[in-house]
1. Please list ASP126, ASP197, ASP242 in order of solvent-accessible area, largest first, computed with a 1.4 Å probe with all protein chains present.
2. Would you work out if the stretch 164-279 is rounded, prolate or oblate? Take a ≥ b ≥ c from the square roots of the eigenvalues of the alpha-carbon gyration tensor; rounded if a/c is under 1.5, else prolate when a/b is larger than b/c, oblate otherwise.
3. I'd like the trypsin sites (Lys or Arg not before Pro) in the stretch 7-113 restricted to DSSP loop residues with at most 13 other Cβ atoms within 10 Å, sorted by number.
4. Please go through the stretch 174-247 and write out the GluC sites (Glu not before Pro) that DSSP classes as loop and that have at most 15 other C-beta atoms within 10 Å.
5. Keeping every protein chain present and rolling a 1.4 Å probe, give me the accessible area per residue for the stretch 82-205 in Å².
6. Let's test the formula: R0 of 35 Å, r as the Cβ-Cβ distance of LEU229 and ALA67. What FRET efficiency results, to the nearest 0.05?
7. Using a 1.4 angstrom probe on heavy atoms only, work out the carbon and sulfur share of the accessible area of the stretch 127-188 in %.
8. Let me know the longest stretch in the chain that avoids all chymotrypsin sites (Phe, Trp or Tyr not before Pro) found in a DSSP loop with at most 12 other C-beta atoms within 10 Å.
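The values are calculated or read from the model by the stated rules, or taken from the named source; none is laboratory data. Note that the structure is predicted; figures quoted are calculated from it, not measured. Neighbour counts run over all protein chains shown; Cβ positions are idealised from the backbone, glycine included. Accessible surface is based on the protein model in full, side chains and every heavy atom, while ligands, DNA and RNA are left aside. Shrake-Rupley method; radii C 1.70, N 1.55, O 1.52, S 1.80 Å.
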Amino acid sequence: ARQDGPGRYRFHTWEMERAIRERVSMESFLRHALERQELALQYQPRVSMASNEIVGVEALVRWRHPALGLVAPGRFIPIAEETGLIEEIDMWVLNEACACAARWQAQGLPPVRVSVNLSARLFQQDGLARRVRAVLDEAGLPPYRLELEITESTVMHDIRAAQMVLHSLKQLGVAVSIDDFGTGYSSLSYLKRFPIDVLKIDRSFVTDVMADPNDAAIVRALIALAHGLDLEAVAEGVETIDQLTFLKANGCDEIQGYYYSPPLWPEQLALMLTKKEHS
Ligand code: C2E
Ligand code: CA
Ligand code: CA
Ligand code: CA
């Protein structure tokens with residue numbers, strides 16, 4: 001940085017250097033994270049408004065970084081997407097989540113559906129349904145116990161191709177949800193033609209649902225849209241009883257969020273399912 005430059009300029013340069021250094025080290029570490037078995041999954045419960053029971057869990061990847069500790073996906077998924085490592089990571093997550101769900105089933109825990117986030121890159125790979133089927137077979141998990149979460153941009157990127165992939169997944173018997181719904185661009189006329197099962201209403205609308213009449217109107221409209229298309233409406237990021245009450249009153253089918261539970265390690269989640277069973 002220039003010695004005589006204004007302070008702000010130097011600050012920005014320093015910040016940028018730091019960000020670049022972190023990125024480069026992340027990238028090289030990430031390449032080895034899979035082999036070193038540093039990735040791990042947490043599971044966040046999804047609760048039915050009708051039964052008040054856990055009906056599903058979302059698998060969320062974490063990275064046990066040797067130096068940085070537990071790293072949230074927001075810090076490494078974007079890098080993995082740029083470098084193409086995301087495909088390998090998502091396949092690892094899919095395998096691990098299905099194996100875990102099959103284990104819970106074998107242990108006689110109450111049945112839950114496990115959701116896995118799918119990156120656009122993996123969704124666009126040839127033979128996705130065949131690969132998913134191989135994972136289910138290997139784990140011994142029935143297809144209806146698996147849900148794949150994709151975003152609006154993933155399906156809108158190439159509508160014809162997406163339609164074919166979605167049909168092959170439907171045929172396989174897995175469920176598909178549109179994640180972060182409302183934040184991206186999606187044509188409603190196409191949405192109608194996609195064989196999907198669930199709309200997950202993005203947290204950004206849920207957060208201020210009590211304070212902001214616009215957000216309240218949007219959430220109501222999204223729930224109505226889901227039901228009009230014969231889809232389930234799931235709200236993300238529910239943190240308070242007021243939000244929960246609003247969502248329930250407006251017919252939302254399921255909720256996910258800190259109000260009920262943060263993402264949990266597999267043993268904690270299993271314990272929670274066990275307790276549910278005995279209550
Ligand atoms: P997402 O799919 O929208 O996942 C929900 C995120 O919201 C999770 O963050 C979860 O911990 C957080 N969350 C849940 N309830 C609440 C709440 O009540 N309040 C707040 N403030 N946050 C809540 P997380 O685990 O950090 O994941 C961030 C994103 O990283 C995910 O957003 C998803 O897009 C991506 N991601 C996570 N795991 C995977 C994966 O295995 N593969 C891919 N491709 N992406 C993943
Ligand atoms: Ca998700
Ligand atoms: Ca989401
Ligand atoms: Ca999100």
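1. Largest accessible area first, the residues go ASP126, ASP242, ASP197.
2. Working: a/c = 2.17, a/b = 1.14, b/c = 1.91.
Oblate is the answer for the stretch 164-279, as a/c is 1.5 or above yet b/c matches or exceeds a/b.
3. Of the trypsin sites (Lys or Arg not before Pro), the ones in loops of the stretch 7-113 whose Cβ has at most 13 other Cβ atoms within 10 Å are ARG36.
4. Passing both the DSSP loop test and the Cβ count: GLU239.
5. With all protein chains present, the stretch 82-205 gives 45 Å² per residue.
6. Efficiency, rounded to the nearest 0.05: 0.15.
7. So the carbon and sulfur contribution to the accessible surface is 51 percent.
8. Maximal segment without exposed cleavage sites: 1-184.
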